[in-house]
1. Any chance you could run the full-extension gain for residue 259 through residue 204? It's 0.36 nm times the residue separation minus the Cα-Cα distance, nm to one decimal.
2. Starting from 0.36 nm per residue, how many nanometres of slack lie between residue 130 and residue 100 once their C-alpha separation is accounted for?
3. Which value in deg cm²/dmol, rounded to the nearest 500, describes the helix-derived mean residue ellipticity at 222 nm for the chain, given -39,500 (n - 2.57) per DSSP H run of n ≥ 4 and division by the residue count?
4. List the GluC sites (Glu not before Pro) within the stretch 1-100 that DSSP assigns to loop and that have no more than 15 neighbouring Cβ atoms inside 10 Å.
5. What is the sum of charges, Lys and Arg at +1 and Asp and Glu at -1, for the other residues whose Cβ falls under 14 Å from the Cβ of residue 238?
6. Mean-square fluctuation check for the chain, GNM, Cα pairs under 10 Å: which of 159, 36, 19 is largest?
7. At R0 = 25 Å, how high is the FRET efficiency between residue 240 and residue 179 if r is their beta carbon distance? Nearest 0.05 is fine.
8. At 1.4 Å probe size, put 256, 212 in order of accessible surface, largest to smallest.
Amino acid sequence: MKFTKMHGCGNDYIYIDGSREQIAAEKKPELVRKLSDRHFGVGGDGVIFINPSEEADFEMEMYNADGSRAEMCGNGIRCVAKYVYDKGLTEKKCFTVISAGKVKTLNLTIQDKKVVLVKVNMGAPMLQAADIPVISQQDQVIDEPITVQGREYRMTCVSMGNPHAVVFMEDVKDLEIHKIGPYFENHERFPMRTNTEFVKVIDRNTVEMRVWERGTGETLACGTGASATVVACILNGLTEEQVTVKLKGGELEIYWDRKENLVYMTGPAEFVFDGEI
């Protein structure tokens, strides 16, 4: 089986052309776990199959490292764009990708016939608690208390096609995220588990973020998480609408157009290597 390793701000996945590699659906979770293993496999935050689609130009079928399906990945979809353009599967510089039934529009920046930046229309953020989903007495969860391991935190919950709990903190560099992250992910208030962003606001246009991703653990970046973070920042009056999100693996530019109610994410996509296993 042929594959390509790629990353967006260090958020790395193994990409497989689903039109060429025919794998039974029931075998994919086990295959994903084997490929994602950083000691005995290829190594990655998960596996993404790039499939033909009738609803869009391409389909992104995404799996977390533990073999569970995920609805959306901002860094992953940028790499899908680079994959299909750089490998000649499309000549379009603007096209659509569907993931878990949601269609995203992508615009490419090309240098030397290769994709270097991708701007993604991430769609409208979902703020209703039932849609995220998160259990709450309120319709929306904005700066709401949550008790995790005996400590009270304040969270704002947003869905960008997948669930996010954004927690603002004074310091994220020294956070022992591996200790607290799993308890947020599997907290009883999140019926579908959750991704958790721990965020420090630097100024009105800059934040620093670390992320615990559902089904994977800490990753170097998360595009949907960065998008959810900026939405949460604005809802809490902490930033402007255009924000640079500093992640462990790089930076993403996020803009929430309040008039259109659309979130736009711009960031890099990097090829690492091709392989066969």
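1. Additional length available on full extension: 17.8 nm.
2. 9.0 nm
3. The helix contribution divided over the chain gives -5000 deg cm²/dmol.
4. The qualifying sites are 21, 54, 55, 91.
5. Computed value for this residue: -4.
6. 19
7. Computed FRET efficiency for residue 240 and residue 179 comes out at 0.15.
8. Per-residue accessible area, sorted high to low, gives 212, 256.
The values are calculated or read from the model by the stated rules, or taken from the named source; none is laboratory data. Bear in mind that the values here come from a model prediction, so they are computed numbers and not experimental data. All Cβ positions, even for glycine, are placed from backbone atoms using ideal geometry, and neighbour counts span all protein chains on display. Surface areas here come from the heavy atoms of the whole protein model, side chains and all, with no ligands, DNA or RNA. Shrake-Rupley method; radii C 1.70, N 1.55, O 1.52, S 1.80 Å.
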